[in-house]
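Working notes, structure below.
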Amino acid sequence: MKPDLTPITVQTIAYDDQEPGTSGLRKKTKVFIEKPHYLENFIQSTFDMLTQNLFEGNADAFKDKTLVVGGDGRFHNAVAIQTIIKMAFANGFGKIMVAKNGHLSTPAASAVIRKNKALGGFILSASHNPGGIDGDFGIKFNPAAGGPAPQSMTSKIYELTKSITTYLTMDFPDVDLSELGTFTVNGQSVEVFDPLTDYTELMQKIFDFDAIRTLFSGVFDFRYDALNAVTGPYAKHIFCDLLGAPETSILHGTPLEDFGGKHPDPNLIYAKELVDLMYGKDAPDFGAASDGDGDRNMILGRGIFVSPGDSLAILVNNAANYIPSYRRGISGVARSMPTSAAVDLVAKAHGISCYETPTGWKFFVNLMDAGKCQICGEESFGTGSDHVREKDGIWAVLAWLNIIAKSGKSVETLVTEHWNRFGRNYYQRHDFEGLDTAKAKKMLDDARKGLSQLRGQIFAGSKVVMADDFSYKDPTNGEVANNQGLRIKLEDGSRVICRLSGTGTGGATLRVYHDVYRKDWREDPYKVLVPLNQTILSYLNIATYCGVDKPTVIT
Ligand code: G16
């Protein structure tokens, strides 16, 4: 029986809380399930934003356009994907490309959008946030360049969600996503594609697979923890099938709807099993982990954790020497403002530009499109390059493996050689989760007011040379982003930064970032950071404002 492809107009009510945060719309899963048409409103508003922003309101604009759809496999993905397929059909998309089983990592989505010249794609994920009915769900739209939607798009989507009254859909049976294939009706098609193909091809172009294969064929002991999230199949295919690592090197490699109860965040707290292994007796040579949607990474050597800021700096310093795709040198680098300034020193030594942007990968995208930066990174365990327009967990792991394979050096040697040459940025982020939003905002507002008086004063034993609320002017289009975090810079090169997270789903999360620079790196990291930590907490007066004085998570 032919499906009925008549668009149906459904009446809906608008919500006022659909403003995308640092990376898309993230809410408790129950919000998406229990609030009528919550997901549909966001999708229709995105389609309407596209027709208004790009096609002057032309309703036929999507006829020859492709939309990519996939997600990290978390609970509610399957339902949401079928909703999007029907709405995209009703809104006239010529082709809808859906990943097999709906599983598509964020960097792979970026690769697929770019390779297929799609108008964009929806990625269903709340990234590193826990999943399941009591966890989080999320949706983000990436336009044609393959990166996160810029502010001009997300604010328009938000505006439209506040006044939406109807959306379009169709009534046809769910598409079977378990088999590859294409189904076409009246010139519109749904293609179920293999999510590994385009991404793997790209990795093979960038890295020296032969060198890594040789490394794996020896005694090198490798572990990768996919944390029951989307990268499991990518890791098995790339590290095991193509590079020869044993299957046992992949931990938690099967994507599960609730991540097996895990918090799919690759850091020292949530990837504890891997961390214990890497610090234990007979530890492997190399360990890595990735998050829910595969864009974050954590790198460990035997008994050593590589902080994201150091990882970025070390990759930039070594890429041209060892990784085929970067052999002509790196055109420029970027880091988010709270990320440790370790990469700045490397950029200076290499004579390349280094950009400091607000938190959010979307700020790197314009720089990459303009050819101003090639490798970027964030303290939140994100590293990537201009091969796609998202951060990329498996890319970072392959980059480290490629450097290790070609240099013959261990993780520990690469890190300590780096510190010997450049000095060390001792770095820690303290998160205070679940704060009352109004109280946390008031605390930062009051702290902001005092910043101008801090200049010249002694703070944690060093003179304050700069204290402000970070503003960023995009060098490619002049767009300004204000209020991106309070930062205090000291004469000895150290910095402390405070901002509220834009990815949480319950209350406010205060993030306090400590970045202490020492030329001699042999000091105890915890002792080095204590004075700065104590001074900033008393400056914020967090105990009085928020009733807490200890972070919930330290990374
Ligand atoms: C997202 C963004 C990143 C950002 C991170 C943390 O990552 O893509 O650019 O650094 O959130 O943001 P916040 O400090 O506001 O919580 P992901 O991996 O969650 O998509």
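Need one number: convex hull volume per residue for the chain, Cα atoms only, in Å³.
About 144 Å³ per residue, rounded to a whole number.
Per the Kirkwood treatment, what hydrodynamic radius in Å, one decimal, follows for region 350-397 from the mean inverse distance over all distinct Cα pairs?
11.0 Å is the Kirkwood radius here.
If you take the Cα Rg of region 1-42 and divide it by 2.2 N^0.38 Å, with N the number of residues, what do you get?
1.52
Give the separation of the Cα centroids, region 109-165 to region 387-414, in Å.
Measuring centre to centre over Cα atoms gives 28 Å.
With viscosity set to 1.567 mPa s at 4 °C, what whole-number translational diffusion coefficient in µm²/s follows for region 490-536 from Stokes-Einstein and a Kirkwood radius over Cα pairs?
105
If r is the Cβ-Cβ distance from L268 to K117 and R0 is 30 Å, what FRET efficiency results, to the nearest 0.05?
E between L268 and K117, to the nearest 0.05, is 0.15.
In terms of Cα to Cα distance under 16 Å, which lysines are near enough to K65, apart from those fewer than 8 places away along the same chain?
K86, K95, K115, K117
For region 316-403, taking Cα atoms only, what is the radius of gyration to one decimal and the Dmax to the nearest whole Å?
When restricted to Cα atoms, region 316-403 yields Rg and Dmax of 11.7, 30 Å.
Per residue, how big is the convex hull around the C-alpha atoms of region 235-307? Give it to me in cubic angstrom, could you?
That works out to 97 Å³ per residue.
Over 21 Å between Cα atoms, which of K489/K550; K281/K527; K463/K527; K439/K550; K348/K489 qualify?
The answer is K489/K550; K281/K527.
What is the Cα coordinate range of region 244-354 on the first, second and third principal axes, sorted by size from largest, in whole angstrom?
Principal-axis extents of region 244-354 (Cα, largest first): 45, 30, 25 Å.
Subtracting the Cα-Cα distance from 0.36 nm times the residue separation, let me have the gained length for S452 to K281 in nm, one decimal.
Contour length minus the Cα-Cα distance gives 56.5 nm.
What do you get for GluC sites (Glu not before Pro) in region 167-252 restricted to DSSP loop and a cutoff of at most 11 other Cβ within 10 Å of the site's Cβ?
E179
Given a 1.4 angstrom probe, I'd like the percentage of the accessible area of the chain that is carbon and sulfur, rounded to a whole number.
Percent of accessible area from carbon and sulfur atoms in the chain: 49.
Can you give the Kirkwood hydrodynamic radius of region 119-184 from its Cα pairs, in Å with one decimal?
Radius from the Kirkwood sum: 15.1 Å.
Of all DSSP beta bridges located in the chain, what percent are antiparallel, nearest 5?
So the antiparallel bridges amount to about 70 percent of the total.
Under the Kirkwood approximation for Rh and a Cα-based Rg, what ratio Rg/Rh is obtained for region 371-451?
A ratio of 1.13.
Where the eigenvalues come from the Cα gyration tensor of region 1-102, what are the semi-axes √(5λ) of the equivalent ellipsoid, largest first, in whole Å?
Semi-axis lengths for region 1-102 are 22, 18, 15 Å.
Using the Cα atoms of region 384-427, I'd like the radius of gyration and the largest Cα-Cα distance, Dmax, both in angstrom.
12.6, 33
Using every pair of alpha-carbon atoms in region 173-326, split the distances into 5 Å bins beginning at 0 and state the percent of pairs per bin, rounded to integers.
2, 8, 14, 18, 21, 15, 8, 5, 4, 2, 1, 0, 0
How long are the semi-axes of the equivalent ellipsoid of region 118-237, defined as square roots of 5 times the Cα gyration tensor eigenvalues? Whole Å, largest first.
Result for region 118-237: semi-axes of 35, 21, 17 Å.
Determine, from the Cβ-Cβ distance of D60 and E159 and an R0 of 25 Å, the FRET efficiency 1/(1 + (r/R0)^6), rounded to the nearest 0.05.
0.60
Can you give the translational diffusion coefficient of region 177-237 in µm²/s, computed by Stokes-Einstein from the Kirkwood radius over Cα pairs at 4 °C and 1.567 mPa s?
The diffusion coefficient I find is 88 µm²/s.
Which log10 I(q)/I(0) values, to two decimals, does region 402-555 give at q = 0.10, 0.18, 0.19 Å⁻¹ under the Debye formula with one point per Cα?
Cα-only, vacuum Debye calculation for region 402-555: -0.44, -1.11, -1.18.
So how much accessible area does I133 have, in Å² to the nearest 10, using a 1.4 Å probe?
80
How far is helix 38-55 tilted, in degrees, relative to the longest principal axis of the Cα atoms in the chain, given as a value from 0 to 90 rounded to the nearest 10?
90
The values are calculated or read from the model by the stated rules, or taken from the named source; none is laboratory data. In this text, all values refer to a predicted model and were calculated from it rather than measured experimentally. When we count neighbours, we look across all protein chains shown, and the Cβ atoms used for this are built from the backbone with ideal geometry, even at glycine. All accessible areas refer to the heavy atoms of the entire protein, side chains included, with ligands and DNA or RNA removed. Shrake-Rupley method; radii C 1.70, N 1.55, O 1.52, S 1.80 Å.
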